[in-house]
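The values are calculated or read from the model by the stated rules, or taken from the named source; none is laboratory data. Bear in mind that the values here come from a model prediction, so they are computed numbers and not experimental data. Counting neighbours? That spans all protein chains shown, and the Cβs are built from the backbone with ideal geometry, glycine included.
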Amino acid sequence: MPEETMAIDYVMEKASGPHFSGLRLDSLLSSASSSPRHSSSTSAAYSSSTLIDVNSPKQPFVIGVSGGTASGKTTVRDMIIQQLHDHRVVLVNQDSFYRGLTAEESERVHEYNFDHPDAFDTEQLLECIEKLKLGQSVHVPIYDFKNHRRCSESFRQVNASDVIILEGILVFHDQQVRNLMNMKIFVDTDADVRLARRIRRDTVERGRDINSVLEQAKLLFLLYAKFVKPAFDDFVLPSKKYADVIIPRGGENHVAIDLIVQHIRTKLGLHDLCKIYPNVNVIQSTFQIRGMHTLIRDKEISKHDFVFYSDRLIRLVVEHGLGYLPFAEKQIVTPTGSFYTGVDFCKKLCGVSIVRSGESMENALRACCKGIKIGKILIHRDGDNGKQLIYEKLPKDISERHVLLLDPVLATGNSAGQAIELLIQKGVPESHIIFLNLISAPEGIHCVCKRFPSLKIVTSEIDVALNEEFRVIPGMGEFGDRYFGTDD
């Protein structure tokens with residue numbers, strides 16, 4: 001049987017077997033909630049047979065990714081993160097929890113084994129993951145690999161999310177760490193391939209000349225033989241037996257990774273609004289899109305950059321939304337005299353912006369649809385009650401058109417619902433309305449989709465929730481004020 005076929009069978013068998021407990025919705029027993037490592041009996045609190053408290057908050061799904069050095073763990077991790085674009089995913093790297101070397105150890109650093117379990121502060125790692133599982137933010141230390149010490153004044157804040165990925169060569173070694181995981185993935189790559197990758201990563205990819213490369217490669221080979229390989233044989237490889245899923249060939253095994261992501265999505269299905277409402281469409285996430293979201297959500301970004309990257313994201317949303325318009329097959333003749341069979345989109349189209357944030361999306365729509373008519377609707381917003389219509393100016397023949405409704409943020413859904421209701425009163429069929437926005441709150445999606453099940457929503461990200469002030473969290477603040485420069 002081919003290796004990849006065996007891997008697929010193993011994925012399905014392990015993911016459905018007793019070693020995989022799925023998303024744990026049960027609350028920890030009160031005697032074990034603060035620290036499951038303090039009692040040998042607390043493993044029962046993590047058992048899939050424990051009764052589920054339906055009133056407890058949904059705990060994050062913790063994925064452990066392990067394997068030898070240069071096995072492809074990072075590639076597998078990044079592919080999972082990219083495919084889980086409609087869920088909040090955070091990364092915790094075991095390397096952040098290296099112990100700082102003493103003065104004596106620093107003097108003999110070349111004799112120090114960084115691949116040994118004792119090189120890590122496992123207690124702090126445990127505390128970090130436990131807090132994240134309880135929905136608390138944590139400060140992850142930043143390790144200075146040049147001086148082999150932790151940066152005393154620096155840390156990385158990690159917030160609670162839907163999915164936590166814990167990556168490291170020894171994350172399966174400690175039983176208490178393993179007990180916190182919902183899924184354990186071992187990336188299995190041939191030793192010769194791993195060594196070649198390690199040499200390439202630490203030499204060639206850093207732009208050294210050939211003599212420097214050869215010297216560094218020689219040193220790396222000696223370190224590999226003295227520390228890396230023995231540690232792999234003694235600690236990393238034996239932990240492979242604890243894995244729920246083994247991925248041969250690492251990031252090259254797209255079939256296994258797709259199956260893993262599909263299984264995670266099933267476990268997180270209660271949050272996957274695209275499955276609940278088939279009319280909700282989230283544009284496929286890429287690292288470019290995640291990067292632009294990171295920029296426009298940063299409160300320190302300049303107005304110029306905020307507008308620039310918002311415009312780029314808006315353009316992507318508009319282009320995606322246009323793909324849901326009806327079309328007819330059309331055959332044309334190319335300059336080579338050949339025939340090409342393509343499509344011709346609906347010509348009866350208009351945009352309607354919800355003033356004033358929605359006006360930020362008009363330029364992108366005009367750039368995509370030459371000469372398009374754009375109407376406006378102004379609705380007074382007061383807390384969660386955005387139901388007072390102030391002004392509307394719409395094309396007279398709007399009932400004959402497909403409408404792209406523009407508003408960058410879908411929060412409670414009340415203002416959007418009022419605008420959609422007005423369009424329907426003007427004769428626009430509900431199925432002819434496509435609502436475009438940058439971010440959506442789950443509450444807004446529920447509100448709009450329950451009232452208007454035939455309408456389509458196109459967004460670039462679904463955020464976590466609304467806070468008590470009805471603001472989207474994590475959100476991006478008052479979009480209109482930031483875009484038009486009227487914020488404080």
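Worth a mention:
- Selection status of Ala416, at pLDDT below 95, among the aliphatic types (A, V, I, L, M), in a helix (DSSP H, G or I) and buried (at least 22 other Cβ atoms within 10 Å of the Cβ): yes
This table checks each residue for (1) buried (at least 16 other Cβ atoms within 10 Å of the Cβ); (2) of a type outside the set (A, V, I, L, M); (3) in contact with a Gly (Cβ under 7 Å, 6 or more places away or on another chain).
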position: Ile296; (1), (2), (3): yes, no, no
position: Leu322; (1), (2), (3): yes, no, no
position: Ser338; (1), (2), (3): no, yes, no
position: Leu349; (1), (2), (3): yes, no, no
position: Ile354; (1), (2), (3): yes, no, no
position: Glu362; (1), (2), (3): yes, yes, yes
position: Leu378; (1), (2), (3): yes, no, no
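- Filter result for Arg200 (assigned to a helix (DSSP H, G or I), in contact with a Gly (Cβ under 6 Å, 6 or more places away or on another chain) and modelled with pLDDT under 65): no
- Between Ser106, Ser66, Ser56, the distinction of being part of a loop (DSSP other than H, G, I, E, B) and either surrounded by 14 or more Cβ atoms within 10 Å (Cβ to Cβ) or modelled with pLDDT under 85 (or both) belongs to Ser56 only.
- Among all residues of the range 393-402, there is at least one that is within 18 Å of Gly351 (Cα to Cα), touching a residue at least 40 places away in the same chain (Cβ under 8 Å) and crowded, with 21+ Cβ neighbours inside 10 Å.
- If you go through the range 149-173 and keep only what is assigned to a loop (DSSP other than H, G, I, E, B) and crowded, with 18+ Cβ neighbours inside 10 Å, you end up with Ala160, Asp162, Gly168, Ile169, Leu170, Val171, Phe172, His173.
- Counting the residues of the range 132-144 that are touching a residue at least 24 places away in the same chain (Cβ under 8 Å) and either assigned to a loop (DSSP other than H, G, I, E, B) or surrounded by 15 or more Cβ atoms within 10 Å (Cβ to Cβ) (or both) gives 8.
- Near pairs, Cβ below 9 angstrom, 6+ apart or cross-chain, from the range 149-171 (over 24 Å from Asp234 (Cα atoms) and free of Cβ contacts under 8 Å to residues at least 40 places away in the same chain) to any residue that is of a type in the set (S, T, N, Q) and surrounded by fewer than 20 Cβ atoms within 10 Å (Cβ to Cβ): Gln157/Ser137
- The listed residue being of a type in the set (S, T, N, Q) and over 20 Å from Met476 (Cβ atoms), out of Ser353, Ser357, Ser338, Ser310: Ser338
- Cβ-Cβ under 9 Å pairs, at least 6 apart or on other chains, the range 233-253 side at positive phi, far side among the β-branched types (Val, Ile, Thr) and part of a strand (DSSP E or B): Arg249/Val187; Gly250/Val187
- Annotation for the range 341-349: no member residue is at pLDDT below 95, closer than 16 Å to Val448 by Cβ and either of a type in the set (Phe, Trp, Tyr) or assigned by TED's automatic domain parsing to the domain that holds His304 (or both).
- Selection over the range 308-320 of residues that are of a type outside the set (D, E, K, R) and either surrounded by fewer than 17 Cβ atoms within 10 Å (Cβ to Cβ) or without any contact (Cβ under 8 Å) to a residue 12 or more places away in the chain (or both) gives a count of 1.
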